Amino acid sequence: MSQPDAPKIEFPCENYPIKVMGDAGDELHALVMRVFNEHAPGFDPEKIRLKDSSKGSFQSLTVLITATGVEQLEALHKDLQSSPLVKMVL
């Protein structure tokens, strides 16, 4: 049985959400800010949604960007996942 094709994204895509999950703390937030400033300049840091895990060990940060292409998204994921602070990027 074949897998259906993933839906195609039309670029530029405004309000494209990227969720970063990792170790709770200021270091994770600083990393997210640095990576998104590099790869998605002009994103609004005021729109970042932060959620703590039930025990406070982990955080998820959802960032809305204007996605400009596959290359941008791949670079974001690569840079975020290269940090030991980051557990998952969606």
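Observations on the structure shown:
- Test result for residue 6, surrounded by 11 or more Cβ atoms within 10 Å (Cβ to Cβ) and either part of a helix (DSSP H, G or I) or at pLDDT below 95 (or both): no
- Residues (touching a helix residue (DSSP H, G or I) at 6+ places or on another chain (Cβ under 7 Å) and touching a residue at least 24 places away in the same chain (Cβ under 8 Å)) located in region 41-62: 59, 61
- Inter-residue pairs, beta-carbon under 7 Å, first touching a residue at least 60 places away in the same chain (Cβ under 8 Å) and in region 63-90, second in a helix (DSSP H, G or I) and of a type in the set (Asp, Glu), 6+ apart: 85/27
The values are calculated or read from the model by the stated rules, or taken from the named source; none is laboratory data. Keep in mind the model is a prediction, meaning the values are calculated, not measured. Counting neighbours? That spans all protein chains shown, and the Cβs are built from the backbone with ideal geometry, glycine included.
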